[in-house]
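The values are calculated or read from the model by the stated rules, or taken from the named source; none is laboratory data. Since the structure is predicted, the reported quantities are computational estimates derived from the model, not experimental observations. When we count neighbours, we look across all protein chains shown, and the Cβ atoms used for this are built from the backbone with ideal geometry, even at glycine.
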Amino acid sequence: MKIKRFFSKGKLKSRRIRYFCKTMRKHYKYNPKTLSYEEVRNSLWKRVLRFLFSLIPGLMFGAVLFWWYSAKIDSPKEKALFEDLNRTKKELKQIREEIKHANRVLEIIQSRDENLYREILHAEPFPEEYRKMGVGGSDKYSYLEDLSNGELLKEVAMGIDKLQRKLYAQSISFSELHKLAKRKEEILSHIPAIQPIRNSDLSKAVGGYGWRIDPVYRVRKFHSGLDFTCPRGTEVYATGNGVIEVVENKLWGYGKSIVINHGYGYKTRYAHLSKINVKEGQKVKRGELIGNVGSTGKSTGPHLHYEVIVKGEKVNPIAYFHSDLTPEQYEELLEKSKASYQSMD
């Protein structure tokens, strides 16, 4: 019974299959001496080589597949990094445009500084070299060249540095103007702003500034001031606060004359006086009596020769009578000065 069960049909079939598979994996060689087939057993080294040769194609295929996957398909992390780089590039471009806009606005402020604020406050031009102060050469930004978006980063960094330099220079300029603005009242009180002779004391047309006929030499000559024709002894007033710098008494030329230094680059001269009521070094205020009209020096009759000197250059005094004349009176004085073709000295 035991033998019968052992060799039952199902189990016998299963044993035969396992034996067949096991036999197929083995190699046999015929031995003529023994007249039989003997199993060939491979060495360990050959078995290892056979395993490696069977493994290499799979590894190569896997490597090619991995390269293709890496090159063509981004990982979620790489995709996020690329998105961050693109966003950073857009932000840098936006910053670059904002820097350009800020520079344009700053140029407008600088223009107002030079052509408006400094003119109003009679300030010297701001030194251009301050606006062009250096911030370092291109080597300063070399560390950015190897980075992603390196050229854009370098451009933005340079733009920020230049903008900071200009803002710093402009802050210095505004600080100076702020100090001048605080002193504006004092400055305005020193700038010549009234007539040296009362309008009611004028007896005829005012000798104008510019090319006129010399009354003595009868030739065309440049007249560097205004001639106020009025009676001898007419009071002469300082046209702005200042210090008496020169008191002269010459037989020719300006005759008896006074020069007031008003500061801030302004001076005034009062010539051909009959009497001088001040002395050198004396402080005077606008509207203060300093002398009387005469006809001393090179003069053809009683009058006051009045000059305004700005930074060493004699300018037309007609522009400095804005504080004591109405617009109508100013226009009348301007017409009189233009109508006169001959000076009094």
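Odds and ends about this structure:
Residues are listed down the side, and each one gets a yes or a no for (1) exposed (fewer than 11 other Cβ atoms within 10 Å of the Cβ); (2) at pLDDT below 75; (3) assigned to a helix (DSSP H, G or I):
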residue	(1), (2), (3)
Glu78	no, yes, yes
Thr88	no, no, yes
Glu91	no, no, yes
Arg96	no, no, yes
His101	yes, no, yes
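- Of residues in the stretch 309-332 being acidic (Asp, Glu) and modelled with pLDDT under 85, the one nearest to Tyr266 (Cα to Cα): Asp324
- Test result for Val156, modelled with pLDDT of 75 or more and surrounded by fewer than 11 Cβ atoms within 10 Å (Cβ to Cβ): no
- In the stretch 280-303, the residue that is modelled with the lowest pLDDT out of those that are among the charged types (D, E, K, R) and over 17 Å from Ile197 (Cα atoms) is Lys298.
- Test: residue in the stretch 11-28 that is part of a strand (DSSP E or B) and modelled with pLDDT under 75: yes
- Given (1) in contact with a strand residue (DSSP E or B) (Cβ under 6 Å, 6 or more places away or on another chain); (2) at pLDDT 75 or above, number of the condition Val40 does not satisfy: (2)
- Meets criteria (modelled with pLDDT of 95 or more, in a strand (DSSP E or B), touching a Pro at 6+ places or on another chain (Cβ under 8 Å) and of a type in the set (Phe, Trp, Tyr)) for Tyr306: no
- Only one of the numbered conditions (1) out of contact with any strand residue (DSSP E or B) (no Cβ under 9 Å at 6 or more places or on another chain); (2) at pLDDT 85 or above is not met by Ser173, and that is (2).
- Residues of the stretch 260-290 that turn out to be within 21 Å of Ile187 (Cα to Cα) and without any contact (Cβ under 8 Å) to a residue 24 or more places away in the chain, as a count: 1
- Within the stretch 90-112, the set of residues being basic (Lys, Arg) and in contact (Cβ under 8 Å) with a residue 60 or more places away in the chain comprises just one member, Arg96.
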